[in-house]
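Have a look at the structure below, then the notes.
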2 protein chains.
Amino acid sequence: MAKPKKTPRPKAQTPKGFRDYFGAEVTERKAMLDKIAEVYHLYGFDPLETSAVETVEALGKFLPDVDRPNEGVFAWQEDDADWLALRYDLTAPLARVAAQYRNDLPSPYRRYAMGPVWRNEKPGPGRFRQFYQCDADTVGAPSVAADAEVCAMLATALEAVGIPRGDYIVRINNRKVLNGVMEAAGLAGDENATARGIVLRAIDKLDRLGPEGVRALLGTGRKDESGDFTDGAGLSDAQAERIMAFMAAKGESGAETCAALADLVVGSQAGTDGVAELQTMAKLLEAQGFGPDRIVIDPSVVRGLGYYTGPVFEAELTFEVQNDKGQTVQFGSVAGGGRYDDLVKRFTGQAVPATGVSIGVDRLLAALRAKGQAQAAAPGPVIVTVMDRERIADYQAMVGTLRGAGIRAELYLGNPKNFGNQLKYADKRAAPVAVIQGSDEAARGVVQIKDLVLGAQIAESASLDEWKSQPAQREVPVADLVAEVQAILARGA
Amino acid sequence: MAKPKKTPRPKAQTPKGFRDYFGAEVTERKAMLDKIAEVYHLYGFDPLETSAVETVEALGKFLPDVDRPNEGVFAWQEDDADWLALRYDLTAPLARVAAQYRNDLPSPYRRYAMGPVWRNEKPGPGRFRQFYQCDADTVGAPSVAADAEVCAMLATALEAVGIPRGDYIVRINNRKVLNGVMEAAGLAGDENATARGIVLRAIDKLDRLGPEGVRALLGTGRKDESGDFTDGAGLSDAQAERIMAFMAAKGESGAETCAALADLVVGSQAGTDGVAELQTMAKLLEAQGFGPDRIVIDPSVVRGLGYYTGPVFEAELTFEVQNDKGQTVQFGSVAGGGRYDDLVKRFTGQAVPATGVSIGVDRLLAALRAKGQAQAAAPGPVIVTVMDRERIADYQAMVGTLRGAGIRAELYLGNPKNFGNQLKYADKRAAPVAVIQGSDEAARGVVQIKDLVLGAQIAESASLDEWKSQPAQREVPVADLVAEVQAILARGA
């Protein structure tokens, strides 16, 4: 037998497309999600946490990115031949739960869910294969009152996390209106399904392509900057103009918009129903105090996903930021959703009406950072340094006293030999204060307290005399340790 | 071509060994973890959230349950031949992070992590393949001051979540002492590795088997109730007695215990070092105010895992509960940990000292429930019922008013036709209050407010006259809605 090879060392690396979150990255997101959960709770929604793993059969195949292995999900086979997979969103597990527990859950069932989802996509810059979603859905409520409530809750949640009124807008529309416009334009029937799909995707690209780009896609097609050609829907000029009129139907008020839409769907029952639903939603929202300064009817919102069947909505942040190219642009979409009445039916055969919203957690967090509204990084701990290795118990007692007073504190636990390393550590930890006690100070019952924030300021700007006077370091009796540290922390706060 | 078969409906089921968490199950756990995180933060630990997915190579093979496919982990192969897996604990990812970011992290690095882990184990009653862990570790601190700090933090965390002092005990020991006892008993050397392993596992079973059972395993072996025979370590009587004396070495005080242990390890340098480490830990803990009423030296704690190299510890809840058989027993272990100095070395080749603790989240939550200390279930929402379908906007406005006052409230969103269904829904939602307004009340500008908690009490006990007087239902002006609901909620609180 050959001599067994020495096992090479494993690589210390996150798998491609995955990442780690450290310190403030974790606490910022948690603070934001906690505030959103409070709003969801106020609105009567209950938390649900499903497992990360589902059967492939229960998950179904709803991801648009189907050219990847396992159609975009991470999947594996069990011994006994069941295929399991990591959930790719929070809606598919909800549909499974709504079917599995249909006799036990209240109906309607309002639930929220927050957690990671996984996509087996090609990783790219800023594109990860595990990311957070934050969803709220109502299952079993056929009325658009449920859709209106979700939109109101979304607006409330955005304000709760720190997006001021005026910096966001929730835009609502209804798939039935678009279907009605297409029906009125003579695009009903199975033979026009492909054309309708192209129309839907073209409208969804309005932001990116502008009206001319969309118009081209409604007609013969469009050549992009790289020279690639995208086939158009092949609509006649009259048909295309009706679609263009639909997208531009937004008027000064909801009533005006609805009137314009009503004209465009004449002859289509679905379209007329859709306009009526929009009017009802507007009325219900107004009754709850949500006027068009926060939630507005906007026919240009269609949402790309195929499974929506009625109202669709989107929250857009309207304040301006610099994009990668240095251009000033609006921040853009951070949440979206709509009514999907057929997902539970997959399991039970019975239609169960459902509507909900999903907040893009990373996008919203980026927006809060851009607005300076993300929770500030937690302060670093007070560091008690080690001058005499034999007196560690004394230093540990000081740490215990500080912690007992509710002050975040640490003993330096590295090798104490080099005092410079202890101060470097304090710097890396963003420590506001270092506590120092040599044998001389111990004998006199005092400690040195070093204000590291002030010290850093002085180091940048002070004259030699100021520097020598060491205003950032004070000697105080051991009994005053807590009070003195509290005073310094209060100054920094 | 054969006619394509109709796809059968998917089963609405969680995969075997997985479960869903609803409502209070989610919020109770979150409240407990939030309190623990606060303590960890106070002690200077920073949060870390690694991805659920790691390379199989980085995870390594440290699970005891190796007779399962993929050695107990859920794993799958990527297109490009990398094997990925779900993490089975939070320690292996920490070792990977400590190696990957070794030039950027502060050293020592104190971190905490909370989240699900996955085990590809045979599911059983109460045994799930996804469960939460809650860990805190210090990487890069060679001194047992780090171990003492983790034990103190564990005690503080238990009290913070609601386990009163006196109802728990943190027991500490040191692997070096056990190794020293075995060395002093003539069990050093590679030729005795198997015997030493049996001794370690036998001591770990002391709780379950009692001293006689352990003694049998130290000698020729033991036949259990089912008749199965477990091989013993084959120790001589003198050797076995020394091990038994080690387990029983706990004295009245830490000093007495250490003195007894010192006698048992005479001649072993490792053993003498271990006893000195225990003494140092006791001194450091005493200096922080953690006496033997909370943290005690107990030689019977050894911990089953092979990778511990020094101090080991375990938190046990000492209050009594009924077990499955109706017997009164102590609640038992809820957390454990120890020093493991070799896990990071796998990646870097350089030894990195590390120590930490893992709290069994489900066990601790069960303990809090047993003590009535788990966060009470959140109150259900106030339900505004729908008497007139045409006046939904009015009802929604009431809901908006209640929410605006910070009162959790809902509009009934099901089919309003059957009013009994609305009250059944309120019952299922544990609603404290129902608000009712028919056209008659609307015309008079009043609402009916039904105290559902009081109503349920009356339904159980009231006489017919009391029942008729309807004390649980009041008519109030619409303007008094919020004040009246607040008054009822305050009575229930």
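The values are calculated or read from the model by the stated rules, or taken from the named source; none is laboratory data. Predicted model, so just to flag it, every value in this text is computed and none were measured. Virtual Cβ from ideal backbone geometry, glycine too; neighbours counted across all protein chains shown. We work out accessible area using only protein heavy atoms, side chains counted, and drop any ligands, DNA or RNA first. Shrake-Rupley method; radii C 1.70, N 1.55, O 1.52, S 1.80 Å.
At a glance:
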item	result
Filtered trypsin sites (Lys or Arg not before Pro), segment A:134-175: DSSP coil and at most 11 other beta carbons within 10 Å	A:Arg165
Rg/Rg_ref, segment B:330-433, where Rg_ref = 2.2 N^0.38 Å and atoms are Cα	2.00
25 °C / 0.890 mPa s Stokes-Einstein diffusion coefficient of segment A:119-265, Kirkwood radius on C-alpha pairs, µm²/s	135
Segment B:375-381 - phi-based ³J(HN,Hα) in whole Hz, Karplus 6.51/-1.76/1.60, Gly and Pro as x	3, 4, 4, 4, x, x, x
Surface accessible to a 1.4 Å probe, A:Ser143 within the full protein complex, Å²	40
Cα-Cα separations in segment A:199-318 greater than 16 Å, expressed as whole percent	65
10 Å binning of all Cα-Cα separations within segment A:163-245, expressed as whole percents from 0 upward	17, 47, 23, 11, 2
Chain A, accessible surface, carbon-and-sulfur percent (1.4 angstrom probe)	50
Centroid-to-centroid separation of segment A:217-244 and segment A:80-101 [C-alpha atoms, Å]	38
Dimensions in Å of segment B:84-168 - Rg and Dmax from alpha carbons	15.9, 45
Mean separation of Cα contacts under 8 Å (6+ apart) over length of segment A:374-493, as relative contact order %	25
Accessible heavy-atom area order of B:Lys11, A:Lys371, A:Lys223, highest first, probe of 1.4 Å	A:Lys223, B:Lys11, A:Lys371
Ratio Rg/Rh, restricted to segment B:232-286 and using Cα atoms, in which Rh is the Kirkwood radius	1.04
Segment B:133-208 and segment A:124-180: distance between their alpha carbon centers, rounded to Å	50
Total accessible area lost when B and A pair, probe 1.4 Å, Å² to nearest 100	8200
Per-selection metrics, the protein assembly as shown (Cα): Rg and Dmax in Å	32.7, 102
Closest Cβ on chain A to the rotation axis that carries it onto B (distance rounded to whole Å)	A:Trp76, 2
Equivalent ellipsoid, chain A (semi-axes from 5 times Cα gyration tensor eigenvalues, Å)	55, 28, 23
A:Asp79, B:Asp20, reordered so the largest accessible area comes first (probe 1.4 Å)	A:Asp79, B:Asp20
Residues of segment A:269-309 buried by at least 20 Å² on assembly (accessible area, 1.4 Å probe, chain alone as reference)	A:Lys283, A:Leu284, A:Ala287, A:Gln288
Ratio Rg/Rh, restricted to segment B:262-333 and using Cα atoms, in which Rh is the Kirkwood radius	1.08
Copies compared at B:Thr328 - label distances in nm, ascending, label defined 7 Å from Cα in the Cβ direction	7.6
Helix-derived mean residue ellipticity, 222 nm - over chain A, DSSP H n ≥ 4, -39500 (n - 2.57), to 500	-12000 deg cm²/dmol
Copies compared at B:Gln350 - label distances in nm, ascending, label defined 7 Å from Cα in the Cβ direction	6.5
Label distances, nm, A:Asp440 versus same residue in remaining copies, Cβ-directed 7 Å point	9.1
Cα-based Rg / Dmax (Å) for segment A:390-479	13.7, 39
Radius 15 Å from Cβ of B:Asp341, net charge of other residues (Lys, Arg +1; Asp, Glu -1)	+1
Value of relative contact order over segment B:46-200, rounded to a whole percent, pairs C-alpha under 8 Å and six or more apart	18
Accessible surface, per residue, of segment A:340-493 when the full set of protein chains is kept, probe 1.4 Å, Å²	48
Mean separation of Cα contacts under 8 Å (6+ apart) over length of chain A, as relative contact order %	14
R0 of 41 Å, Cβ-Cβ distance B:Ala479-A:Gln322: FRET efficiency to nearest 0.05	0.25
